[in-house]
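Accompanying notes for the structure given below.
The values are calculated or read from the model by the stated rules, or taken from the named source; none is laboratory data. This is a predicted model, so every value here is computed, not measured. Here the Cβ positions follow ideal geometry from the backbone for every residue, glycine too, while neighbour counts run over all protein chains shown.
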Amino acid sequence: MKQLADRTLRWRSITESRLFFPTVAFLLVLLFDFLFIPGFFTIENRDGNLYGSLIDILRNGSTVSLLAIGMTLVIATGGVDLSVGAVMAIAASVAGILMNPSALRNEVFFVTDPTYTFQPLWVVIGAALLVALICGLWNGVLVAYMKIQPMVATLVLMTAGRGIAQLITNGLRVQITYRPFAYIGQGWFILPFSLYIVAFVLLVTWLLTRKTAIGMFIESVGINFRSSYFSGIQESKVKLMAYTFCGFCAGIAGLVACSNVKTSDANNTGLFIELDAILAVVIGGTSMSGGRFSLLASVIGALVMQAVTQSMYAIGVQSYALPAVKSVVVIIVILLFSEQVRGLFLGIGAKKKEV
Amino acid sequence: MSTMNDYILTMEGIFKAFPGVQALDNVDFGLKKGEIHCLVGENGAGKSTLIKVLTGVERPDAGQIILDGVEIHPRSPQHSQTLGISTVYQEINLCTNLSVAENVLIGREPRKFGRIDWSAMNVQAANLLKRLLDIDIDVTQPLDMYTVAIQQMVAIARALDIASTKILILDEPTSSLDANETQQLFKVMRKLRAEGVGIIFITHFMSQVYEISDRITVLRNGKLVGAFETASLPRVELIAKMIGRSLDELDDMSSIKLESSKHIKAEAVLDAQKVGRAGSIKPFDLQLRAGEVVGLAGLLGSGRTETARVLFGVDKPDTGHIEFDGATITDHGPLGSIKRGVALCPEDRKAEGIVDDLTVRENIVLAIQANKGWFSHVGIQEQYEIANRYIEMLNIATPTADQPVKNLSGGNQQKVILARWLATHPQVLILDEPTRGIDVGTKAEIQKLVLELADEGMACLFISSELEEVLRTSHRIAVLREREKVAEFSGEVDEHVIMHTIAGSEL
């Protein structure tokens, strides 16, 4: 009897964990791959570096993962940031133009020298991230101090941002050849270098939110901003911080993305990616109305999104049809997370709690 | 004497229970044709539940409702409306961006060739307002062009026009109206009364009860106290019936209170001078001293909560100034107050108190942490220590400190909020209805705790709609009436005098 009770308790604590459902979703997608895609799980070892479909999921999912980390904080406050894709483009443009300023002179000349850069790497990265931070700050001011609805406020930068990115690059695509910069998105140190960036950002954000009071304040504001205000929490500052940090994460994602394709393209860098990031957070179990959040669950959510994309490519879905297929999968995943289905899961191994 | 036939509505033996509370306990109610009948009682008395039963929002557990001699079973607000029972709620549920005419006739627009006949609609709406309510306004203007009173009347016109109304229920329609607007509304009510409509009027303003009503039904704690002719019920008796204290019963001051009154400091910790806020509370003076419990008495809507909000700084005063320890406060606001050592347990526990998804522990440390800022984190070990200390001290019934606070009962949630503020070690503690919706035992515990805290040197402001409780816990009592501080009593307080002051009548 006691054993059974213990088992029930353990099952409950597992199913009630925020990581449970995103992990189940991820495993389901992998199960699909295992059954239908031969060789999906093969991992090659080339000169000590690992390659394979699984590694690709992790690597290609790194931009959405980075965005999802920042987005989690914003959504937890009860908001949303639609501008992350545009902020990625802005950060990429700043980085691109600082390495290869030929676009400014309206010349199209292809730099082929992999050691050439206009500005040193730290200036490139620093300036791009600073600009992204300012973009986030702008969103934060609109939402927290001007009291504009988050969706409307961030829509401003979502539409204007690509224009700003075009202005920075003079409307041209900027080739990036500088090899140290290319390492960000393409480098390999046993695992792809971008994975280390994700892990680092995840760790720092976790420390920042859970080893200070910030995480609790964000959740408190997202759950009940009036009670929070009565308790002395400054809602505006908390929100400003969340949006600014989200912009910063989008900046990092922008650097990874443009480094990966060796091009800073104001029109296409991070196009429509904000929706993937929001979905990743939702799959990670954070409510769109704000409240409790888990950063790790959001990152797993991002990997679910990427795994779906990758699997669709692998079974031969054409890229133009991908959004349609992906949306079907997303609907299934979201349904899986609905309260009703969750109730079914919780029902396994545990009789309805006696009240 | 009236015969049964005068009654357009009788409700008999109505019972209604919600989990943990008997909201209506054998309540009878009768409404005559062409009368204005006030339904009064403090919060939780059962007024709104009775109205909900009548309008079909809630089904009674037992009892019968007879309208015009026929037993009815209202299933929904729509259903009760077709039966002839119309309701206008406190919050106007109209579309303020649509025109007056659209609002009046929405869903029943006159049509021509399948399309809305706009000119006919405007004429019809204008006639309706003129005929029913005797008001003459441009019905093509959007509703938000007009005052709240006019909006209220448009809502009434709409309610009256939908069905041939036998009963009109006005649920606190005057709470956001000024004196002129209220008179405008009363004019309409008198006109309808003359036409034979039975009106149930709910208000917290005693002067309005006496100005407009013919009869009064008093509810208390879900039970019927009685129905009375307004003319033969003096104000002070009405108040006594509402709060359940008879005049000759005098409260004996407890020994602990006498004992603690010796330690009251002479100078004020918090000193409000001519502090007021337009539309909220008229300028008042109030001193809170260390070691003293000051009670705020007054009816609901008399400005009790508003006083607390201004003192704590949730609302900024627009006249006067507040001194803390002799220095004038410039940074009003919760965080500033917490830093000074002022705490407020707000009245609305759900909306302003608890953060329901957070755990008991997190809820308790919230204010301390807000005071410390983002980066000087209260360590997890320390959080558990603080939480467990107050769980034990206040007897909070929770399995662990990690339980989400939403799973706790109302009384325990209230204790969690109290713990949040006690943990900040305040010098001034403002308690707004700390015992509402709490069982009797816990109530006594909290009252005792307040006196003990004062004894330890805290300055307390104790707000409650139960006069008995205020009398029992307070060394000094300030009385509010209709958003104004009207009197202050200290020392031996005569309950009789306080009741008259609350009621605003002569002794």
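So which of A:231, A:236, A:264, A:220 is within 30 Å of residue A:163 (Cβ to Cβ), of a type in the set (Ser, Thr, Tyr) and within 14 Å of chain B (Cβ to nearest Cβ)?
After applying the criteria, what remains is A:236.
Going residue by residue through segment A:72-83, is there one that turns out to be surrounded by fewer than 24 Cβ atoms within 10 Å (Cβ to Cβ) and part of a helix (DSSP H, G or I)?
no
Take residue A:142 and tell me if it is touching a residue at least 60 places away in the same chain (Cβ under 8 Å) and assigned to a helix (DSSP H, G or I).
So residue A:142 fails the test.
Out of B:336, B:301, B:320, report the one residue that is more than 8 Å from chain A (Cβ to nearest Cβ) and part of a strand (DSSP E or B).
Numbers: B:336 fails: part of a strand (DSSP E or B); B:301 fails: part of a strand (DSSP E or B).
After ruling out the rest, the residue left standing is B:320.
Conditions tested, residue by residue: (1) assigned to a loop (DSSP other than H, G, I, E, B); (2) hydrophobic (A, V, I, L, M, F, W, C).
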| position | (1), (2) |
| --- | --- |
| B:424 | yes, no |
| B:442 | no, no |
| B:479 | no, yes |
| B:482 | yes, no |
| B:487 | no, yes |
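Limited to segment B:146-165, what total is found for residues that are more than 15 Å from residue B:102 (Cα to Cα), of a type in the set (Val, Ile, Thr) and modelled with pLDDT under 80?
2
Within segment B:79-91, does at least one residue satisfy the condition of being over 17 Å from residue B:168 (Cβ atoms), assigned to a helix (DSSP H, G or I) and among the hydroxyl-bearing types (Ser, Thr, Tyr)?
no
Hey, among A:134, A:148, which residue is in a helix (DSSP H, G or I) and either small (Gly, Ala, Ser) or out of contact with any Ser or Thr (no Cβ under 7 Å at 6 or more places or on another chain) (or both)?
The match here is A:134.
Whether any residue in segment A:138-149 is more than 25 Å from the chain's Cα centre (by Cα) and buried (at least 18 other Cβ atoms within 10 Å of the Cβ) is what I want to check.
no
Scan segment B:52-94 for residues that are closer than 19 Å to residue B:24 by Cα, crowded, with 20+ Cβ neighbours inside 10 Å and aliphatic (A, V, I, L, M) and jot them down.
Across segment B:52-94, the qualifying residues are B:53, B:54, B:65.
Report whether or not residue B:432 is surrounded by 24 or more Cβ atoms within 10 Å (Cβ to Cβ), acidic (Asp, Glu) and in contact (Cβ under 8 Å) with a residue 60 or more places away in the chain.
yes
Taking segment B:361-398 only, how many residues are within 14 Å of another protein chain (Cβ to nearest Cβ), assigned to a loop (DSSP other than H, G, I, E, B) and either in contact with a Lys or Arg (Cβ under 6 Å, 6 or more places away or on another chain) or not hydrophobic (A, V, I, L, M, F, W, C) (or both)?
The qualifying residues number 4.
Which of (1) buried (at least 19 other Cβ atoms within 10 Å of the Cβ); (2) within 13 Å of chain A (Cβ to nearest Cβ); (3) part of a loop (DSSP other than H, G, I, E, B) is the odd one out, the single condition residue B:416 does not satisfy?
Of (1) buried (at least 19 other Cβ atoms within 10 Å of the Cβ); (2) within 13 Å of chain A (Cβ to nearest Cβ); (3) part of a loop (DSSP other than H, G, I, E, B), only one is false for residue B:416: (3).
Which condition number in (1) closer than 30 Å to residue B:42 by Cα; (2) free of Cβ contacts under 8 Å to residues at least 60 places away in the same chain; (3) of a type in the set (Lys, Arg) is the one that residue B:166 fails?
Failed condition: (2).
What's the number of the condition residue B:307 fails, among (1) buried (at least 24 other Cβ atoms within 10 Å of the Cβ); (2) in a strand (DSSP E or B); (3) of a type in the set (S, T, N, Q)?
(2)
If you go through segment B:108-127 one residue at a time, do you hit one that is assigned to a loop (DSSP other than H, G, I, E, B), assigned by TED's automatic domain parsing to the domain that holds residue B:57 and under 25 Å from residue B:57 (Cα atoms)?
Within segment B:108-127 (the criterion being assigned to a loop (DSSP other than H, G, I, E, B), assigned by TED's automatic domain parsing to the domain that holds residue B:57 and under 25 Å from residue B:57 (Cα atoms)), the answer is yes, since at least one residue qualifies.
Just checking, how many residues over segment A:275-292 are surrounded by 24 or more Cβ atoms within 10 Å (Cβ to Cβ) and either part of a helix (DSSP H, G or I) or at pLDDT 95 or above (or both)?
Residues of segment A:275-292 surrounded by 24 or more Cβ atoms within 10 Å (Cβ to Cβ): A:276-277, A:280-281, A:283-284, A:286.
With either part of a helix (DSSP H, G or I) or at pLDDT 95 or above (or both) added as a condition, the list becomes A:276-277, A:280-281, A:283.
The number of residues fulfilling the criteria is 5.
Given the criteria modelled with pLDDT of 90 or more and among the aromatic types (Phe, Trp, Tyr), does residue A:181 qualify?
Numbers: modelled with pLDDT of 90 or more: yes; among the aromatic types (Phe, Trp, Tyr): yes.
In short, yes.
Inside segment B:277-288, can you point out the residues that are buried (at least 20 other Cβ atoms within 10 Å of the Cβ) and more than 14 Å from residue B:337 (Cβ to Cβ)?
Scanning segment B:277-288 gives B:277, B:281, B:284, B:286.
Can you name the residue in segment A:196-217 that is within 22 Å of residue A:150 (Cβ to Cβ) and at the interface with chain B (Cβ under 9 Å from one of its Cβ atoms) and, of all such residues, is surrounded by the fewest Cβ atoms within 10 Å (Cβ to Cβ)?
Filtering first and then ranking leaves A:214.
Quick one: count up the residues across segment B:187-231 that are in contact with a helix residue (DSSP H, G or I) (Cβ under 7 Å, 6 or more places away or on another chain) and either hydroxyl-bearing (Ser, Thr, Tyr) or outside the structural domain of residue B:160 (by TED's automatic domain parsing) (or both).
4
For segment A:166-183: of the residues being assigned to a helix (DSSP H, G or I) and more than 15 Å from residue A:270 (Cβ to Cβ), which is farthest from the other protein chains (Cβ to nearest Cβ)? I'd like the intermediate steps shown before the answer.
Applying the first criterion (assigned to a helix (DSSP H, G or I)) to segment A:166-183 yields A:166-168, A:179-183.
Those left that are additionally more than 15 Å from residue A:270 (Cβ to Cβ): A:167, A:179-183.
Values: A:167: 36, A:179: 39, A:180: 34, A:181: 33, A:182: 37, A:183: 33 Å.
Looking at residues that are assigned to a helix (DSSP H, G or I) and more than 15 Å from residue A:270 (Cβ to Cβ), I get A:179.
Are any residues in segment B:234-276 surrounded by 19 or more Cβ atoms within 10 Å (Cβ to Cβ) and modelled with pLDDT of 85 or more, and if so, which ones?
Correct list: B:238, B:268, B:269, B:270, B:271, B:272, B:275, B:276.
Determine whether residue A:163 is surrounded by fewer than 19 Cβ atoms within 10 Å (Cβ to Cβ) and not in a helix (DSSP H, G or I).
no
What are the residue pairs meeting all of these: first residue in segment A:184-196, first residue in a strand (DSSP E or B), second residue at pLDDT 90 or above and among the charged types (D, E, K, R), Cβ atoms under 8 Å, and 6 or more apart or on different chains?
Hits for this filter: A:192/A:59.
Quick test for you: out of B:174, B:165, B:203, B:182, pick the one residue that is over 28 Å from residue B:465 (Cα atoms) and either among the aliphatic types (A, V, I, L, M) or surrounded by 14 or more Cβ atoms within 10 Å (Cβ to Cβ) (or both). Full working, then the answer.
Working: B:174 fails: over 28 Å from residue B:465 (Cα atoms); B:203 fails: over 28 Å from residue B:465 (Cα atoms); B:182 fails: over 28 Å from residue B:465 (Cα atoms).
Residue meeting the stated conditions: B:165.
Is it the case, given these coordinates, that residue B:350 is more than 7 Å from every other protein chain (Cβ to nearest Cβ), within 26 Å of the chain's Cα centre (by Cα) and either surrounded by fewer than 18 Cβ atoms within 10 Å (Cβ to Cβ) or assigned to a loop (DSSP other than H, G, I, E, B) (or both)?
On the way: more than 7 Å from every other protein chain (Cβ to nearest Cβ): yes; within 26 Å of the chain's Cα centre (by Cα): yes; either surrounded by fewer than 18 Cβ atoms within 10 Å (Cβ to Cβ) or assigned to a loop (DSSP other than H, G, I, E, B) (or both): yes.
It is true that residue B:350 is more than 7 Å from every other protein chain (Cβ to nearest Cβ), within 26 Å of the chain's Cα centre (by Cα) and either surrounded by fewer than 18 Cβ atoms within 10 Å (Cβ to Cβ) or assigned to a loop (DSSP other than H, G, I, E, B) (or both).
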